[in-house]
1. Using a probe radius of 1.4 Å on heavy atoms only, what accessible surface per residue do you get for the chain? Whole Å² is fine.
2. Any idea what the relative contact order of region 108-155 is, in percent, if you count C-alpha pairs under 8 Å spaced at least 6 apart?
3. Farthest toward the dipole's positive end in the chain, which of 122, 132, 85, given Cβ charges of +1 (Lys, Arg) and -1 (Asp, Glu) about the Cα centre?
4. Work out the length of the dipole vector of the chain about its Cα centre, built from +1 on the beta-carbon of each Lys and Arg and -1 on the beta-carbon of each Asp and Glu, and round it to the nearest 20 debye.
5. Keeping the other protein chains in place, figure out the carbon and sulfur percent of the accessible area of the chain, with a 1.4 Å probe.
6. Using alpha-carbon pairs under 8 Å, 6+ residues apart, how would you state the relative contact order of region 158-210 in percent?
7. Apply the Karplus parameterisation 6.51 cos²θ - 1.76 cosθ + 1.60, with θ equal to phi minus 60°, to every residue of region 71-79 and state each ³J(HN,Hα) to the nearest whole Hz, in sequence, with x for glycine and proline.
8. Under a 5 Å amide H to amide H cut-off, with H placed in plane at 1.01 Å, what residues pair with residue 71 once short-range neighbours are removed?
Amino acid sequence: MTQDVHDAPGVRDGRGVQYGTAVASVYDSLIAPAMPAEVAVDRLRPYVAGARVLEVGVGTGRVAVPVAALAREVVGVDNSRPMLAEFRAKGVPANVSLVEADFRRPLPLQGRFGAAYSTMGSLACVHSREELTAALAHVREVLEPGATLSLEYYSTAVYRPLVDLGTVTVPMPHHGGTTTFTTTVDDADVLTMGTLVEKEGEAPVEFAEQVLLIERDEVEACLVRAGFAVQEVVPAEELLPYDWYTARGVA
Ligand SMILES: C[S@@+](CC[C@H](N)C(=O)[O-])C[C@H]1O[C@@H](n2cnc3c(N)ncnc32)[C@H](O)[C@@H]1O
């Protein structure tokens, strides 16, 4: 995909990839420690144990590595070469394979999966409800009948107040230094979050990401249109800024 009207400068590259080398370089030191994988893995356990599992937007393997210890096989899809390179550099478990692919297109995967999941809002990296529905349908197409999709999606209850604040600077306990977030949302509900990481003695790191910020009932409507029945929604709680959806593919 080429740049479209929503793209702030530097958000996507010429192939439509959002997560470039800057974000990949700080993902494991800055972002992953703030989001321990345990809660996600506990929620996923009943669906992934012993199964062939798909992770959509696998990133650097924050969740895929502990899930691989429970699952028979994990296939991780991501369209960011730098994020996949970070994962490969750490060592990929023997039962995990990585596929560079864009979930906005049909997934180039062999065989069906007994479960799928997408954490930290990966599937929200779209520009419209139609694009989200299409991406969810691409996941649905590679699932066995009745298999479960577990989906972490940006919570409006958490992100709309951030938009109202505009720019916020916070100390980074795991990383040192500060991070400044600048958050805006446009008329099509595309949220742009700019991140500036600053630490004394190090070059600043700056990147931006865009996600579709829509209400819970609209996420549920996209799931239904994509061929899922929504089983449960757990609203964002404590420090987690995502709602958690559990949906089953309709045969
Ligand atoms: C916030 S990271 C989450 C990574 C991982 N799931 C985790 O929980 O740590 C979002 C990931 O989604 C990937 N992503 C975004 N848009 C994508 C697309 N269109 N196709 C495939 N992957 C995409 C990004 O490259 C990035 O690795």
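1. Normalised by residue count, the accessible surface of the chain is 44 Å².
2. 61 percent.
3. Of the listed residues, the answer is 85.
4. 960 debye
5. That fraction is 55 percent.
6. Relative CO of region 158-210 lands at 26 percent.
7. 8, 6, 8, 10, 10, x, 9, 7, 9
8. Sorted by chain and number, the residues that satisfy this are 50.
The values are calculated or read from the model by the stated rules, or taken from the named source; none is laboratory data. Everything numeric in this text was worked out from a predicted model, so none of it was measured. Reconstructed Cβ throughout: ideal geometry from the backbone, glycine too, with neighbour counts over all protein chains shown. For accessibility, only protein heavy atoms count, side chains too; no ligands or nucleic acids. Shrake-Rupley method; radii C 1.70, N 1.55, O 1.52, S 1.80 Å.
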